[in-house]
Structure formats: structure tokens, C-alpha cells
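The values are calculated or read from the model by the stated rules, or taken from the named source; none is laboratory data. Not measured: the values here are computed from a predicted model. No Cβ is skipped: glycine too gets one built from the backbone with ideal geometry, and neighbour counts run over all protein chains shown. Keep in mind that these areas ignore ligands, DNA and RNA; they rest on the heavy atoms of the full protein, side chains included. Shrake-Rupley method; radii C 1.70, N 1.55, O 1.52, S 1.80 Å.
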Amino acid sequence: LVNSVEFGTINYQNSGDNGGTGYTDLSYDGTSSATELVAGNSYFLNLTSGPYQPPNGSFEHYKVWIDFDHDLQFEATEEVLNAQINIPNYSFGVSVAIPVDAAAGYTGMRVRNVYNDGSFTPCSSHNYGETEDYTVLIQNGLPCIPLSSFGGHDGDYTSAVTVGELVYTQPAAPVHAYTSRMNLGTHMR
């Protein structure tokens, strides 16, 4: 299992024991599960394996993806870490370069661990392992996007905006805490 994740300001410790569900959505779970990154910069991603000791010849496999293009898919080119570990409670990591052309705004980061199978994908099924999702905010020029660690949960979001002839209604809580509506506008004097 994944026992800790450290990346930018994400510092999620003892995350691995989630009651055996195999999946934890930490997208907007507070300040320890979201981070702000700048396109073109590099950041160190550090994971710690869980307490399980694989038998000789077996391994725990770890992969991490960041949805740099915000298309809601973790693609092979978005894989930023791929490691094979057979030591319990082992800390390991990699420097992650955020592409200069990474899309600005909120996006997802998926951390996965699968026992004894290194061929897994972001969405494949397995008997043993764990998946954790985090929030990454990529800044890529102006305007700046504020970091929100909790997002628009519990009805706490802008549901409508009316200015002049511009009328916009948000039918449901948005997936992320920021949505660009620069494609909408109105004339004002």
C-alpha cells in the first residue's frame, strides 16, 4: 500500500490504511492533499511504501500520473513515477518536471500501488493494491488561480452570474474549485 505521499505542499502521512476499500479520493480533503505547481518548474515527489514485506521474488509496484492536459484521462505520457519496491516502509521518489505547456488550472494526480504486477494502468482492476487521488493546481501565466484545498463541497460554490447581457448558471457543483469562463462576455459602458 501507499503509506505516505509528499509532493509540493501535499504531505499526506499514513494514508495507506483506508479500511480495505482500495480507493481513497483525497481530491479536496484539505491542505495536505492539494498543491500548487508552476509550469516549467520541477518538484520532488516522495512516496513511502507500506509495512507489507513481499515474499522473495515478489514486489510492490508504484505508479503516479498527473493529468497535464486536463482531459480527465491519465495517459501513458502523463506517468511521472514507476517503481518496483520489495522493502517495507521504504521511502523513494523522483523529480517531476511540470511541462511548460501544461494546461493551467486544477487537475488530478493519481497514485497507485499494485502487488506483484507492474503492467497495471491508471484504471485497471487488481486483487491487491491501492489507489489515491489528489488535486494539483498548475499555474501557467496570468491570471493567477487561487488554491482551494476543499473545493466547492456542500453547496459552497458560485451557482449563477448575471452581468449586463451575460447570464450563466452552474447546474451542479463543479468538479474542481476553479473554472475559466473567459469564453463568456458582455459589453459594458
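Checking each residue in segment 104-146 for being in contact with a helix residue (DSSP H, G or I) (Cβ under 6 Å, 6 or more places away or on another chain) and either under 13 Å from residue 60 (Cα atoms) or charged (D, E, K, R) (or both) picks out no residue at all.
In segment 135-155, is there at least one residue being part of a loop (DSSP other than H, G, I, E, B) and more than 26 Å from residue 69 (Cβ to Cβ)? Checking segment 135-155: not a single residue is part of a loop (DSSP other than H, G, I, E, B) and more than 26 Å from residue 69 (Cβ to Cβ). Considering segment 74-98, and only residues there that are in a loop (DSSP other than H, G, I, E, B) and in contact (Cβ under 8 Å) with a residue 40 or more places away in the chain, the residue that is surrounded by the fewest Cβ atoms within 10 Å (Cβ to Cβ) turns out to be 89.
Please work out if residue 52 is more than 29 Å from residue 150 (Cβ to Cβ), among the aromatic types (Phe, Trp, Tyr) and modelled with pLDDT under 95. In short, yes. In this structure, does residue 161 turn out to be of a type in the set (Val, Ile, Thr) and under 20 Å from the mean Cα position of the chain (by Cα)? In short, no.
Which members of segment 55-70 meet the condition of being part of a strand (DSSP E or B) and of a type outside the set (Ser, Thr, Tyr)?
60, 61, 63, 64, 65, 66
Among the criteria (1) open to solvent by 10 Å² or more (accessible area, probe 1.4 Å); (2) at pLDDT below 90; (3) part of a loop (DSSP other than H, G, I, E, B), the one residue 40 does not fulfil is (2). The conditions of being surrounded by 12 or more Cβ atoms within 10 Å (Cβ to Cβ) and closer than 27 Å to residue 177 by Cβ are met by residue 104. Residue count for segment 134-146, restricted to those that are in contact (Cβ under 8 Å) with a residue 24 or more places away in the chain and either in contact with a Cys (Cβ under 7 Å, 6 or more places away or on another chain) or surrounded by fewer than 17 Cβ atoms within 10 Å (Cβ to Cβ) (or both): 2.
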